[in-house]
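A.B. asks: Below is one structure. I have some questions about it.
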Amino acid sequence: MSRSKKIFCILKNRAAPVTLSGMARPREKPPQAVKTLERGLRVLEALAQAGESPLGPLAERVGLAKSTLYRLLRALAQAGFVEEEGGVYRVGPKAFAVGQAYPKRSLSQAVRPEMEALARETGESVNLAVPLGREALYLDQVEGTKLVRLFTAPGSRAPLHATGVGKVFLAYLGVPEGLSLTPYTPHTLTRLPDLLRELEAVRGRGYALDNEEKELGVRCVAAPVFGASGGVVAALSLSAPASRLSLEEAHRLAPRVVEAARRASLRLGYTGEV
């Protein structure tokens, strides 16, 4: 028997498939730990998109059995990546801390100089926020120089319909179906038609106002920050006590906020007009 026939016989008796370049190895199944990790990441992504969710709807969203999902959520909660309250789950503070590593190196570092310049120019506090599901997440703040000033802790969240940064996201990224219009003050917009009219005005003038809609005595002006792809990636806002920042003064300062957001957008690689 020739050498080539011997090799053929040996390979023919093996279970692995044969290719022209030689015998291929059997395809290995991913380890259980890897599969669990993939599922956990899928759950976190779903929670980030939904904002918050009970167990049942979340199980349907990620395609997992409730029992399997419950075990994953318990493990994620113990590590601080998920929070649970009254049977409703949301992304936890540990996930924010991990996720901040990217925004701080790119988004926050790019926008920070414009935030500092605006705070020096106006003396008011300037915030940077990003959309997170059905909420806005504050990433950074430069405090104002005036004696009485507002403080927003990085990592805190805010409703979309009752804040300046939230209205920016709703105006440019769309209104999520079933968004809850919770009343926080007598000024909060709690009717969808009123909110939609406000969002149309936001797109028309290029900035949003929080007219004491989340907290009495607080006003904000916010403008969109665009990324290199042309979409809104963040919002920059100026906030101050309503006693100092009247509606008239807010509109007067708005062009400065818009300009700071425009410069921040250019730092991120945006090439179009804001």
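A.B. asks: Kindly list the number of the only condition in (1) assigned by the TED database to the domain that holds residue 236; (2) of a type outside the set (Asp, Glu); (3) open to solvent by 70 Å² or more (accessible area, probe 1.4 Å); (4) within 16 Å of the chain's Cα centre (by Cα) that fails for residue 94.
C.D. replies: Here residue 94 meets the rest and fails (1).
Residue-by-condition table, conditions (1) at pLDDT 95 or above; (2) over 19 Å from the mean Cα position of the chain (by Cα):
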| position | (1), (2) |
| --- | --- |
| 204 | yes, yes |
| 210 | yes, yes |
| 224 | yes, no |
| 240 | no, yes |
| 254 | yes, yes |
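A.B. asks: Moving on to the next point. For the list (1) among the aromatic types (Phe, Trp, Tyr); (2) in contact (Cβ under 8 Å) with a residue 60 or more places away in the chain; (3) open to solvent by less than 30 Å² (accessible area, probe 1.4 Å), I need the number of the one condition that residue 172 fails.
C.D. replies: Single failed check for residue 172: (3).
A.B. asks: Can you pull out every residue in region 139-164 that is in contact with a Gly (Cβ under 7 Å, 6 or more places away or on another chain) and closer than 19 Å to residue 224 by Cβ? Show your work before the answer.
C.D. replies: Going residue by residue through region 139-164, those that are in contact with a Gly (Cβ under 7 Å, 6 or more places away or on another chain) are 144-146, 158-160.
Hits for region 139-164 are 158, 159, 160.
A.B. asks: For region 184-274, which strands (runs of 3 or more DSSP E) that fit wholly inside it have 2 or more residues that are in contact with a Lys or Arg (Cβ under 8 Å, 6 or more places away or on another chain), open to solvent by 10 Å² or more (accessible area, probe 1.4 Å) and not assigned by the TED database to the domain that holds residue 166? Can you show your working first?
C.D. replies: Working: elements: 208-211, 218-226, 232-241.
The strands (runs of 3 or more DSSP E) meeting that bar number zero.
A.B. asks: Follow-up question, since we're still on this one. Regarding residue 72, is this residue modelled with pLDDT of 90 or more, of a type outside the set (Ser, Thr, Tyr), touching a Gly at 6+ places or on another chain (Cβ under 6 Å) and under 26 Å from residue 178 (Cβ atoms)? Don't jump to the end; show me each part of the working.
C.D. replies: Numbers: modelled with pLDDT of 90 or more: yes; of a type outside the set (Ser, Thr, Tyr): yes; touching a Gly at 6+ places or on another chain (Cβ under 6 Å): yes; under 26 Å from residue 178 (Cβ atoms): yes.
Judged against the criteria, residue 72 is a match.
A.B. asks: Would you mind stating whether residue 150 is open to solvent by 30 Å² or more (accessible area, probe 1.4 Å) and assigned by the TED database to the domain that holds residue 123?
C.D. replies: For residue 150, the condition - open to solvent by 30 Å² or more (accessible area, probe 1.4 Å) and assigned by the TED database to the domain that holds residue 123 - is met.
A.B. asks: Another question, then. Give the residue, chosen from 155, 217, 174, 230, that is on the phi > 0 side of the Ramachandran plot and more than 18 Å from the chain's Cα centre (by Cα).
C.D. replies: Numbers: 155 fails: more than 18 Å from the chain's Cα centre (by Cα); 174 fails: more than 18 Å from the chain's Cα centre (by Cα); 230 fails: more than 18 Å from the chain's Cα centre (by Cα).
Exactly one of 155, 217, 174, 230 is on the phi > 0 side of the Ramachandran plot and more than 18 Å from the chain's Cα centre (by Cα), namely 217.
A.B. asks: Now for a different question. Give the residues of region 114-146 that are under 14 Å from residue 239 (Cα atoms) and part of a loop (DSSP other than H, G, I, E, B), sorted by residue number.
C.D. replies: 123, 124, 143, 144, 145, 146, listed by residue number.
A.B. asks: Is it true that some residue in region 11-27 is at pLDDT below 90, of a type outside the set (Lys, Arg) and assigned to a helix (DSSP H, G or I)? First the steps, then the outcome.
C.D. replies: First pass over region 11-27, keeping only residues at pLDDT below 90: 11-27.
Subset that is of a type outside the set (Lys, Arg): 11, 13, 15-24, 26.
Restricting the remaining residues to those that are assigned to a helix (DSSP H, G or I) gives 11.
Yes, there is a match, as at least one residue in region 11-27 is at pLDDT below 90, of a type outside the set (Lys, Arg) and assigned to a helix (DSSP H, G or I).
A.B. asks: Condition first: more than 18 Å from residue 242 (Cα to Cα), without any contact (Cβ under 8 Å) to a residue 24 or more places away in the chain and open to solvent by less than 40 Å² (accessible area, probe 1.4 Å). Can you find one or more residues in region 157-166 that meet it?
C.D. replies: At the first step, the residues of region 157-166 found to be more than 18 Å from residue 242 (Cα to Cα) are 157-161, 166.
Subsequent filtering for residues that are without any contact (Cβ under 8 Å) to a residue 24 or more places away in the chain retains none.
There is no residue in region 157-166 that is more than 18 Å from residue 242 (Cα to Cα), without any contact (Cβ under 8 Å) to a residue 24 or more places away in the chain and open to solvent by less than 40 Å² (accessible area, probe 1.4 Å).
The values are calculated or read from the model by the stated rules, or taken from the named source; none is laboratory data. Just so it is clear, the model here is predicted, and its values are computed rather than measured. Backbone-built Cβ (ideal geometry, glycine too); neighbour counts: all protein chains shown. Please note that ligands, DNA and RNA were not included when accessible areas were found on the heavy atoms of the full protein model with its side chains. Shrake-Rupley method; radii C 1.70, N 1.55, O 1.52, S 1.80 Å.
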